[in-house]
Amino acid sequence: MAGNSQMFSGFKRIMWPLIAVVCLVVGLLIGKFVLTSNTSVASIKNLGDKTTIAADKLDTVMAMYTYDGKTSNITVKDVLELSGNLDSAKQKDGSYTLPSADGVLAAARTQIVLQEAENQGIKISDKELDEYTTQQLGSADYETLAKNYKVDVDVLKKLIRQQAMTTKLREKATGLTAPTAPSAPTKPSDDNKDKATEDYAKYVIKLAGDQWDSKKNSWKDEAGSYAAALANYDFDGKTATYEVATIAYKTAMTEYSTKSQEITQTYQKFFNSLFAKATLSLSTLAS
């Protein structure tokens, strides 16, 4: 679920953090649902071995879940839209490829998280949506984004808004904000990697944060991660080479990875606590 533009390279990678409630907890959640091949709900069709469905049947119910005392249906269209696959699932004859059981589970988990966000009064204003979109995708030009990612504008905005709600919910519930991945240092324009510059020194100090004592122009603790990584370099805080900046970047990435894993585990526990309260009845699906 997370806040880094580097995480996204294409529509599915951009939108699937919305289904991050699924990806974060892969393999852990299936047992939290009651899965059945048949259901007593008359509106749920037995899809058998079918792999496609007519366009006028997209509202066919594929599953039903109960969360917080409320029972909701999940249609073919719900699953395809929540995964950003509605357009790509369309066949030449106008029919649509049926989503897999995993896709239905993903939709159920996503809807449960969104329902909990609504229960807690979480909303995303248009201004917040624009800010979030710009942070994640570099722009809030929805028309251009939709064209680039080959998706309907309304669907795009809906998915981004839901991802923003998911992010706000998890941060509210855990008190944790996903860290931002550090940016790599810019390679020297003249390809002279041994040249020490003030810019590289500033870059290192920014990454090091409170590990650097700006008043004394030295490390606060020689045992700190950055001090240890640069122990063989005479870093004075005034100038640094590209090599030193690169080592600092690798140190920052290690810390980012460690912190991300810790926060992800906390997110997993929170989302699992939601899914543990839910039950799901699934119709027979194409594998």
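The values are calculated or read from the model by the stated rules, or taken from the named source; none is laboratory data. Values in this document were obtained by computation on a predicted structure and should not be read as measured data. Heads up, the Cβs are rebuilt from the backbone with ideal geometry, glycines too, and the neighbour counts pull from every protein chain shown. Ligands, DNA and RNA are excluded from the accessible area calculation, which covers all protein heavy atoms including side chains. Shrake-Rupley method; radii C 1.70, N 1.55, O 1.52, S 1.80 Å.
Put simply, of K216, K202, K193 the only residue that is at pLDDT 95 or above, out of contact with any Pro (no Cβ under 9 Å at 6 or more places or on another chain) and open to solvent by 50 Å² or more (accessible area, probe 1.4 Å) is K202.
This table checks each residue for (1) without any contact (Cβ under 8 Å) to a residue 24 or more places away in the chain; (2) outside any helix (DSSP H, G or I).
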residue	(1), (2)
L105	no, no
Q111	no, no
E131	yes, no
Q135	no, no
S139	yes, yes
T167	no, no
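The set of residues from region 236-265 being at pLDDT below 95 and of a type in the set (A, V, I, L, M, F, W, C) comprises just one member, I263.
In this structure, is Y267 more than 28 Å from K195 (Cβ to Cβ) and open to solvent by less than 40 Å² (accessible area, probe 1.4 Å)? Full working, then the answer.
Details: more than 28 Å from K195 (Cβ to Cβ): yes; open to solvent by less than 40 Å² (accessible area, probe 1.4 Å): yes.
For Y267, the condition - more than 28 Å from K195 (Cβ to Cβ) and open to solvent by less than 40 Å² (accessible area, probe 1.4 Å) - is met.
In region 221-261, the qualifying residues are those that are in contact with a helix residue (DSSP H, G or I) (Cβ under 7 Å, 6 or more places away or on another chain) and open to solvent by 70 Å² or more (accessible area, probe 1.4 Å), and the one that is nearest to A196 (Cα to Cα) is K238.
Can you spot a residue in region 14-36 that is in a helix (DSSP H, G or I), at pLDDT 80 or above, within 27 Å of A276 (Cβ to Cβ) and open to solvent by less than 20 Å² (accessible area, probe 1.4 Å)? Quick ask: steps written out before the conclusion?
The first filter runs over region 14-36 and keeps only residues in a helix (DSSP H, G or I), leaving 14-15, 20-23, 30-32.
Adding the requirement that they be at pLDDT 80 or above leaves none.
No, because not a single residue in region 14-36 is in a helix (DSSP H, G or I), at pLDDT 80 or above, within 27 Å of A276 (Cβ to Cβ) and open to solvent by less than 20 Å² (accessible area, probe 1.4 Å).
Inspect all residues belonging to region 275-283 and state whether any of them is outside any loop (DSSP other than H, G, I, E, B) and without any contact (Cβ under 8 Å) to a residue 12 or more places away in the chain. Before the answer, list the steps.
Start the filter on region 275-283 by keeping residues that are outside any loop (DSSP other than H, G, I, E, B), which leaves 275, 279-282.
Right, trim to without any contact (Cβ under 8 Å) to a residue 12 or more places away in the chain and you get none.
Taking every residue of region 275-283 in turn, none turns out to be outside any loop (DSSP other than H, G, I, E, B) and without any contact (Cβ under 8 Å) to a residue 12 or more places away in the chain.
Matching residues to (1) under 29 Å from K277 (Cα atoms); (2) open to solvent by less than 60 Å² (accessible area, probe 1.4 Å):
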position: Y67; (1), (2): yes, yes
position: L105; (1), (2): yes, yes
position: T110; (1), (2): yes, yes
position: L114; (1), (2): yes, yes
position: Q120; (1), (2): yes, no
position: Q135; (1), (2): no, no
position: K150; (1), (2): no, no
position: V153; (1), (2): no, yes
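Just the residues that are part of a loop (DSSP other than H, G, I, E, B) and out of contact with any Phe, Trp or Tyr (no Cβ under 8 Å at 6 or more places or on another chain), please, taken from region 120-129.
Initially, region 120-129 is screened for residues part of a loop (DSSP other than H, G, I, E, B), giving 120-125.
Passing the criteria: Q120, G121, I122, K123, S125.
Candidates A117, A223, A181, A173: the one that is part of a loop (DSSP other than H, G, I, E, B), closer than 26 Å to Y267 by Cα and of a type in the set (A, V, I, L, M) is A181. The single condition among (1) closer than 26 Å to A278 by Cα; (2) out of contact with any helix residue (DSSP H, G or I) (no Cβ under 6 Å at 6 or more places or on another chain); (3) open to solvent by less than 20 Å² (accessible area, probe 1.4 Å); (4) at pLDDT 90 or above that S95 does not meet is (1).
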